[in-house]
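The structure under discussion appears below in the form of structure tokens.
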Amino acid sequence: MSIKPKLGPFDLTMIVVGLVIGMGIFRTPVSVARETGTPSLFFMVWVLGGLVTLCGALTYAEIGSRYPVAGGFYKVLSYGFHPAYSFMINWTLLISNAASIAAVCIVGAEYIGPVLLPETIQHEGGRKAIAIGAVLILYLINLSGIRMSASWQNVLTVFKITLVLLLCLAAFSNNIAPRQTAAAVAAPHGWAYIFGAALVPVFFTYGGYQQTINFGSDVREPAKNMPKSIMLGIGIILLLYITVNYAYVKVIGFEQLKTTDALAARMAGAFFGEYGFRITSVLLFLSVLGYANVNLMSNPRMYYAMAEDGVLPGIFKRVNSKTQVQEVALTVFAALVVGLLYFLSNFDTIIRYVMLFDSIGLASAAATIFVLRKKTAHLDGQGIYKMRLYPFIPAFFITVYLFVTVNIFITDLGQALGGMVWFVAGLPIYIFMRYVVRKKS
């Protein structure tokens, strides 16, 4: 069955907002404040991240308009470059997605830890145990079917957006952090290093919009509605993020922000005391479970697509006839999440791994626009969306993301090289699996 375009501009705008706003905004401002050192640089990095994100979103809007297929990165990179490179990118993105779940579970454990754990075990080991336990529970739920989790998924998404709006209201309250008298400390690094290090958590928080490329064939009048919806969605997100960060600085204080755990709960505590802190911690942890759950449901489908294309064993697309669960794919993906939680329990470390893979993948997928402009030149003038200021917008986006990639190597060369091993490992796997499939056929 072919996909019929049924999404209007409001639908796609809500998709953009829903894809981007996750749990990052409740944790990453701490890392950004620590890296920038001053409020002016702090806000400057968030604005710059929003502008770069807008450039990327417009680039992906044209890619989706020129190549409107379901399947996203895998098919676009295969068409624009080569199936082998597409497999290597998507292979690492699966690891990146697992790392994203691990990072979000760490955030959830930071919030729920003070509520569940005695003070003596409120440390990294205790938070790690909570995060791993949550993933294992969700794995068992998903193994039994999707009905138990699907019914409250949309409710959690609406609550998450509402929570951000409530935190934004703090910017207009009378709660003001006491003036800090600590002397400013000179930054030990240059501006390039500071911006590069700060953009890693910022882009992690702004990430997700690139998945709009999956809806190219779902949108009515994509030439008009897709760029309009993406710009409106990113505009809403930028406004929310700048406002909520201003509220953080105003209520908590910039210096205190650098070392604050359970950020949103601390904000609620400023209004409602310890009672508000505990309630917010529980609700945010439930939101974390919703994010992790939907990813455990969706990511095994990527294994299915690879198996369908003959680059993974057929067992990865095996579906239980009663529960409709890909038991092998789900088990492998859940094990990957738990493994990353065990070895990479530090939030900032996980973010660097996620952004290493995402920055390479996002820059590569954005670069397909230069190929698509040539291969689909016959579509010009036929109603497709063409961004203005081409090729400067995609070139600027790609350059900034490559800058972030280089900064990750500079910040932690050992981890970056370790991550690249996963990327390079995709090539022999692709060659071997293609050989096996052709031999069988």
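The values are calculated or read from the model by the stated rules, or taken from the named source; none is laboratory data. Since we're looking at a predicted model, the values are computed, not measured. Virtual Cβ from ideal backbone geometry, glycine too; neighbours counted across all protein chains shown. Protein only, heavy atoms only, side chains kept; ligands, DNA and RNA dropped before computing areas. Shrake-Rupley method; radii C 1.70, N 1.55, O 1.52, S 1.80 Å.
Can you put LEU116, LEU336 in order of accessible area, largest first, using a 1.4 Å probe? Display every interim value, and only then the final one.
On the way: LEU116 110, LEU336 40 Å².
Ranking LEU116, LEU336 by accessible area, largest first, yields LEU116, LEU336.
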Accessible area, 1.4 Å probe, largest first: how do LYS440, LYS250 sort? LYS440, LYS250
Between LEU379 and ARG34, what is 0.36 nm times their sequence separation minus the Cα-Cα distance? Round to one decimal in nm. 119.4 nm
Mean Cβ neighbour count within 10 Å, used as a protection proxy, ranking 239-245, 53-59 highest first: 53-59, 239-245
Could you list the residues of segment 238-252 with an amide nitrogen less than 20 Å from a label point located 7 Å from the Cα of LEU165 in the Cα-to-C-beta direction? 238-248
Exposure ranking of GLU119, GLU62 by accessible area [1.4 Å probe, largest first]: GLU119, GLU62
Expected field for ILE137, accessible surface area in Å² at 1.4 Å probe radius, rounded to 10, holds 100
Longer than 25 Å from Cα to Cα, which of LYS228/LYS317; LYS128/LYS317; LYS75/LYS317 are they? Say none if no pair is. LYS228/LYS317; LYS128/LYS317
Probe radius 1.4 Å, ligands and nucleic acids ignored: give me the carbon and sulfur share of the accessible area of segment 322-441 as a rounded percent. 68
Given a 1.4 angstrom probe, what's the average accessible area per residue across segment 359-400, in square angstrom? 50
Using a 1.4 angstrom probe and counting only protein chains, how large is the accessible area of LEU389 in Å², to 10? 120
At 1.567 mPa s and 4 °C, plugging the Kirkwood radius over alpha-carbon pairs of segment 286-416 into Stokes-Einstein gives what diffusion coefficient in µm²/s? 71
Ranking request for peptides 416-424, 373-381: highest mean number of other beta-carbon atoms within 10 Å first, then the rest in descending order. 416-424, 373-381
Rounded to one decimal in nm, the spacing of the 7 Å Cα→Cβ label points at ILE242 and HIS123 is 4.3
Could you tell me, in Å, what Rg and Dmax come out for the Cα atoms of segment 12-62? 13.0, 37
